[in-house]
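Participant: Following this message is one structure expressed as structure tokens.
The values are calculated or read from the model by the stated rules, or taken from the named source; none is laboratory data. Please read all numbers here as calculations on a predicted model, not as lab measurements. Using ideal geometry, Cβ is built from the backbone for each residue, glycine included, and neighbour counts are taken over all protein chains shown. When the accessible area is computed, the model is the full protein with side chains, heavy atoms only, and any ligands, DNA or RNA have been set aside. Shrake-Rupley method; radii C 1.70, N 1.55, O 1.52, S 1.80 Å.
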Amino acid sequence: DNFIQIKNLKMVYENGYQAISDISFTVKKGELVCLLGPSGCGKTTTLNMVAGLLNPTGGDILVDGKSVLNVAPKDRNIGYVFQNYALYPHMTVLQNVMFPMTVGKNKKSKEEAKQIAERFMRLTHIEEYANQKPGKLSGGQQQRVSIARALVQQPKILLMDEPLSNLDARLRLKIREEIRALVKKVGITTLFVTHDQEEALSIGDKIILFNEGVIQQDAASYEIYLNP
Ligand code: ADP
Ligand code: ADP
């Protein structure tokens, strides 16, 4: 029942820097796994390889038992949420959330795209902002928009890279609860990158602890040992 299998993955950047030495881990279907570690230890590099935005120097990535290394990013069926939301500023919230369904070969009719977008906007509590531009919204609201946009294509995997880092402390706790509840409700397999131990312990089913391009520990959140 391992949905994602990372096998002896390596990444050496063009300048010769080895960001990932040799990592292996597995993720079960529906699991929320945190990649935890200090800045620069290779967490984003790992997400980008899963998304297909970076080609590993070695190793393999299997999803549902099949290697995805030769699958183009747009065909990997992955939702990606970034720290800085990466919303389209000139589009309304509704247009942002609809956008993934209006391009590509699995394009939906405008009516259907709108219905699906509205469903996910209800799930993320942003329906009242449908006709506003993202720049008018608070950080928490913008992150909810980007989460809705990541989910409308019903991706197999959700990747989240420090999604709470730009939010104030109170909102961080709130949105973190919302993300956990949403991920469990939708049942989507999720990789969640953070450098915050407390955040990882509270949101993750399992924690993969990175250090300088290798995995130091891989354990359920309740049994992980962290140095203070
Ligand atoms: P993290 O997400 O854990 O902060 P990253 O995966 O972003 O770490 O980066 C891991 C290491 O790889 C860092 O030392 C970073 O400077 C380096 N790195 C990232 N991108 C590149 C690149 N395009 N070329 C060379 N080195 C890079
Ligand atoms: P909550 O659901 O807890 O209200 P929000 O993401 O809606 O969280 O808002 C976070 C904070 O930003 C709140 O303190 C809210 O008052 C403030 N806020 C909400 N909307 C705006 C806005 N359009 N511009 C500036 N601040 C806002």
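Participant: Pick from His90, His195, His125: which residue has the top mean-square fluctuation in a GNM of the chain where Cα pairs under 10 Å get a spring?
Facilitator: With Cα springs under 10 Å in the chain, the top fluctuation among His90, His195, His125 is at His90.
Participant: For region 171-212, take N as its residue count and report Rg(C-alpha) divided by 2.2 N^0.38 Å.
Facilitator: The reported ratio for this selection is 1.18.
Participant: Cross-link list Lys105/Lys156; Lys7/Lys28; Lys108/Lys136; Lys185/Lys206: which exceed 21 angstrom alpha carbon to alpha carbon?
Facilitator: Lys108/Lys136
Participant: Another question about this same structure. How about Lys29: which aspartates and glutamates have a C-alpha closer than 15 Å to its C-alpha, ignoring those fewer than 8 places off in the same chain?
Facilitator: List returned: Asp1, Asp64, Asp205.
Participant: Using only helices, what value at 222 nm comes out for the chain when you add -39,500 (n - 2.57) per DSSP H run of length 4 or more and divide by the total residues, to the nearest 500 deg cm²/dmol?
Facilitator: Taken over the chain, the calculation gives -9000 deg cm²/dmol.
Participant: May I ask you to give the solvent-accessible area per residue for region 1-140, in square angstrom, as obtained with a 1.4 angstrom probe?
Facilitator: 53 Å²
Participant: Next up: Can you give the relative contact order of the chain as a percent, counting alpha carbon pairs under 8 Å and 6+ residues apart?
Facilitator: 29 percent
Participant: Out of Ala148, Val12, Val27, whose Cα points farthest toward the positive end of the dipole of the chain (charges: +1 Lys, Arg; -1 Asp, Glu; placed on Cβ)?
Facilitator: Ala148
Participant: Here is a further query. If you roll a 1.4 angstrom probe over the protein chains with everything in place, what fraction of the accessible area of the chain belongs to carbon and sulfur, to the nearest %?
Facilitator: Its accessible area is 48 percent carbon and sulfur atoms.
Participant: Apply the Karplus parameterisation 6.51 cos²θ - 1.76 cosθ + 1.60, with θ equal to phi minus 60°, to every residue of region 131-146 and state each ³J(HN,Hα) to the nearest whole Hz, in sequence, with x for glycine and proline.
Facilitator: Residue by residue, region 131-146 yields 9, 9, 7, x, x, 7, 9, 6, x, x, 5, 5, 5, 4, 5, 5 Hz.
Participant: Using the Cα gyration tensor of region 1-131, with a ≥ b ≥ c the square roots of its eigenvalues, what is the shape: rounded (a/c below 1.5), prolate (a/b larger than b/c) or oblate (neither)?
Facilitator: prolate
Participant: Next question, about the same structure. For the chain, just list the percent of Cα-Cα distances falling in each 10 Å bin from zero outward, please.
Facilitator: Result returned by the calculation: 8, 33, 36, 20, 4, 0.
Participant: Per-residue HN-Hα couplings for region 150-156, Karplus 6.51 cos²θ - 1.76 cosθ + 1.60 at θ = phi - 60°, whole Hz, x for Gly and Pro?
Facilitator: Per residue, the Karplus-derived 3J(HN,Hα) values read 6, 9, 5, 7, 6, x, 6 Hz.
Participant: Using the Cα atoms of region 81-214, I'd like the radius of gyration and the largest Cα-Cα distance, Dmax, both in angstrom.
Facilitator: Looking at region 81-214, its Cα Rg and Dmax stand at 15.0, 48 Å.
Participant: Just to be sure I understand: with springs between alpha-carbon atoms less than 10 Å apart, which residue in Asn48, Asn70, Asn96 has the highest mean-square fluctuation in the Gaussian network model of the chain?
Facilitator: Maximum fluctuation in the GNM of the chain, among the listed residues, is at Asn70.
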